[in-house]
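Undergrad: Below is a structure I'd like to ask you about.
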Amino acid sequence: MIITDTHTHLYSDAFDEDRTEMIQRALDAKVSRFFIPAIDSGHTKAMLQLEADYPDLMFLMMGLHPTSVKDNYKEELQHVEDLLSKR
């Protein structure tokens, strides 16, 4: 059986203190994949770093979170398109 965390923002500042330990606890509980949804362009660097640190575990989902849609949504969506064109 494959156990997947289908929605986690592990790149969030809230996990800065114990991110590694939290991931290890999940692995110990047999979680083998983490799907990482985007929030907005302000989190891209942290998302990419998480993927670089755990390339076999983290699956990034580029996009714009609905609660982060603001007046600059066109620029945010262009950022997503630019990221996707490089993958």
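The values are calculated or read from the model by the stated rules, or taken from the named source; none is laboratory data. These numbers come from a predicted model, not from an experiment. Cβ: placed from backbone, ideal geometry, glycine included. Neighbour counts: every protein chain shown.
Undergrad: Residue by residue through the range 18-57, note down the ones that are acidic (Asp, Glu) and closer than 28 Å to VAL69 by Cα.
TA: Passing the criteria: ASP40, GLU51.
Undergrad: Something else about it: Against the condition touching a strand residue (DSSP E or B) at 6+ places or on another chain (Cβ under 6 Å), hydroxyl-bearing (Ser, Thr, Tyr) and over 19 Å from LEU84 (Cα atoms), how does THR67 come out, does it pass?
TA: Here the answer is no, as THR67 does not meet what is asked.
Undergrad: Determine whether GLU76 is in a helix (DSSP H, G or I), surrounded by 14 or more Cβ atoms within 10 Å (Cβ to Cβ) and either at pLDDT below 95 or of a type outside the set (Val, Ile, Thr) (or both).
TA: Taking the combined requirement at face value, the residue satisfies it.
Undergrad: Given the structure, is LEU50 under 11 Å from the mean Cα position of the chain (by Cα), surrounded by 12 or more Cβ atoms within 10 Å (Cβ to Cβ) and in a helix (DSSP H, G or I)?
TA: In short, yes.
Undergrad: Considering GLY42, GLY63, which residue is of a type in the set (Gly, Ala, Ser) and part of a loop (DSSP other than H, G, I, E, B)?
TA: Being of a type in the set (Gly, Ala, Ser) and part of a loop (DSSP other than H, G, I, E, B) holds for just one of GLY42, GLY63, which is GLY63.
Undergrad: Looking only at the range 1-36, filter to residues that are among the β-branched types (Val, Ile, Thr) and not in a strand (DSSP E or B); which one of those is surrounded by the most Cβ atoms within 10 Å (Cβ to Cβ)?
TA: Step by step, filter the range 1-36, then rank; the result is ILE23.
Undergrad: Are any residues in the range 37-47 of a type in the set (D, E, K, R) and surrounded by 12 or more Cβ atoms within 10 Å (Cβ to Cβ), and if so, which ones?
TA: ASP40
Undergrad: How many residues, within the range 53-73, are surrounded by fewer than 14 Cβ atoms within 10 Å (Cβ to Cβ), within 15 Å of HIS9 (Cβ to Cβ) and over 13 Å from the mean Cα position of the chain (by Cα)?
TA: 2
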